[in-house]
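Asks: Input: one structure, supplied below.
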Amino acid sequence: MQFQTGSYHQLQAHLEDGVLTLTLDNPEARNALTVPMMEDLRLLLDCARVDPEVRCLVITGTGKSFCAGGDVRKMAEGAGAAGHPMNRPTWNVPTMPASERLEQQQVTGLRVMRALWELEKPSIAAINGDAVAAGLDLALVCDLRLAADTARLGCTYTRVGLIPFDGAMWWLPRLLGMGKALELMYLGDLFSAAEALQLGLVNRVVPATELAASAAQLARRLATGPAVAYGLTKHIAQRSLQLDFPDALNLAYTAKDVVYATEDHKNAVAAFLAKRAPEFQGR
């Protein structure tokens, strides 16, 4: 599959130099997640997973928001394709396996968050504006987070009587400790990008006018890196969250034999001895 630059449902996709950039494009609703958008997000993420031309993923938004989570106005309208997240019909998404169809599973953020978690390629959230509720979850499930200095973040589910069901319940205690995580989840307050950096929720904060260029620069660097090593590093790091140290070490040593056999490792060693920069091919 070769990605084509173009428009999808409230979404723009662009592939260049190994970097797939997905831009949420529903600024009138602050880039809130809708069922059609999530359908195409999942489809594109599934394609990115198997396309060797995609070496790094960037997710960002248009306008003043990164992603406002669910569309509260649509929730108020009740049922329907873009209605309340707990009242969505089954959708025949092209990548939905038979087991999910038979179970009549619904299209929710769960499918998108899991696809991002399972993507064994580097992913970057370029947080151009407000990232709240499921929008914050979307940023947290990416590997790295760059935020514009004007961005605000917040786990705002409780403001509409909900719980953080798209990932924050898992991420925040691990990143912040239980006390601070519960404070953010209970109160639902917005906090600045600078505060997010201090808390360790984002990796870097840059001027808003420099965000796109900074994210692109980082993504291009990752896209030219050792893809097999990156994928194994991400997989083992994720597994290590549930393993004790000896088991995690054993898993890493198993993966060591895999990367030793890659062409990228052999070429990098040769480049090191020749005192030149390595050129990784992703195999």
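Read-outs throughout are calculated quantities, based only on the coordinates presented, and are distinct from any laboratory measurement. Note that this is a predicted model, so its numbers are computed, not measured. No Cβ is skipped: glycine too gets one built from the backbone with ideal geometry, and neighbour counts run over all protein chains shown.
Asks: How do Leu182, Leu222, Leu41, Leu24 rank when sorted from fewest to most other Cβ atoms within 10 Å of their own Cβ? Write out the running numbers ahead of the final one.
Replies: Numbers: Leu182 13, Leu222 22, Leu41 25, Leu24 28.
So the ranking, lowest neighbour count to highest, is Leu182, Leu222, Leu41, Leu24.
Asks: Okay, moving on. Can you tell me the relative contact order of the chain? Whole percent, Cα pairs under 8 Å, sequence separation 6 or more.
Replies: Values: 515 pairs, mean separation 43.5, N = 283.
Answer for the chain is 15 percent.
Asks: Among Pro226, Asn31, Val54, which residue has its Cα furthest toward the positive end of the charge dipole of the chain, with +1 on Lys/Arg Cβ and -1 on Asp/Glu Cβ?
Replies: Pro226
Asks: While we're looking at this one, here's another question. Relative to 2.2 N^0.38 Å, what does the C-alpha radius of gyration of the chain come to as a ratio? Two decimals please.
Replies: On the way: Rg = 19.4 Å, N = 283, 2.2 N^0.38 = 18.8 Å.
Normalised Rg, Cα atoms only: 1.03.
Asks: To the nearest 20 Debye, how big is the dipole of the chain about its Cα centre, given +1 on the beta carbon of each Lys and Arg and -1 on that of each Asp and Glu?
Replies: Working: 27 positive and 30 negative charges, 71 e Å.
Taking the Cα centre of the chain as origin, the dipole is about 340 debye.
Asks: How much mean residue ellipticity at 222 nm does the chain get from its helices, if each DSSP H run of length 4 or more adds -39500 (n - 2.57) and you divide by all residues, to the nearest 500 deg cm²/dmol?
Replies: Working: 12 runs with 125 residues, N = 283.
Rounded to the nearest 500, the figure is -13000 deg cm²/dmol.
Asks: Something else now. Mind listing the phi-derived Karplus ³J(HN,Hα) values for segment 163-168, rounded to whole Hz, using 6.51, -1.76 and 1.60 with θ = phi - 60°, and x for any glycine or proline?
Replies: Taking θ as phi minus 60°, the curve returns 10, x, 9, 10, x, 4 Hz for segment 163-168.
Asks: Further, regarding this structure: Note down the magnitude of the dipole of segment 115-177 about its Cα centre, charges +1 on Lys and Arg C-beta and -1 on Asp and Glu C-beta and zero elsewhere, to the nearest 20 debye.
Replies: Using only the charged Cβ atoms, the result is roughly 180 debye.
Asks: By average Cβ neighbour count within 10 Å, what is the ranking of 121-128, 201-208 from highest down?
Replies: 121-128, 201-208
Asks: Please report Trp171, Trp117 as a ranked list, fewest other C-beta atoms within 10 angstrom at the top and most at the bottom.
Replies: Numbers: Trp171 19, Trp117 16.
Starting with the residue having the fewest Cβ neighbours, the order is Trp117, Trp171.
Asks: Starting from the amide H of Ile127, placed 1.01 Å from N in the peptide plane, find each other amide H under 5 Å away whose residue is 5 or more places distant or on another chain.
Replies: Leu146, Ala147, Ala148
Asks: What value in Å³ per residue do you get for the convex hull of the alpha-carbon atoms in segment 166-268?
Replies: Values: hull volume 14.5 nm³, N = 103.
Once divided by residue count, the hull of segment 166-268 is 141 Å³.
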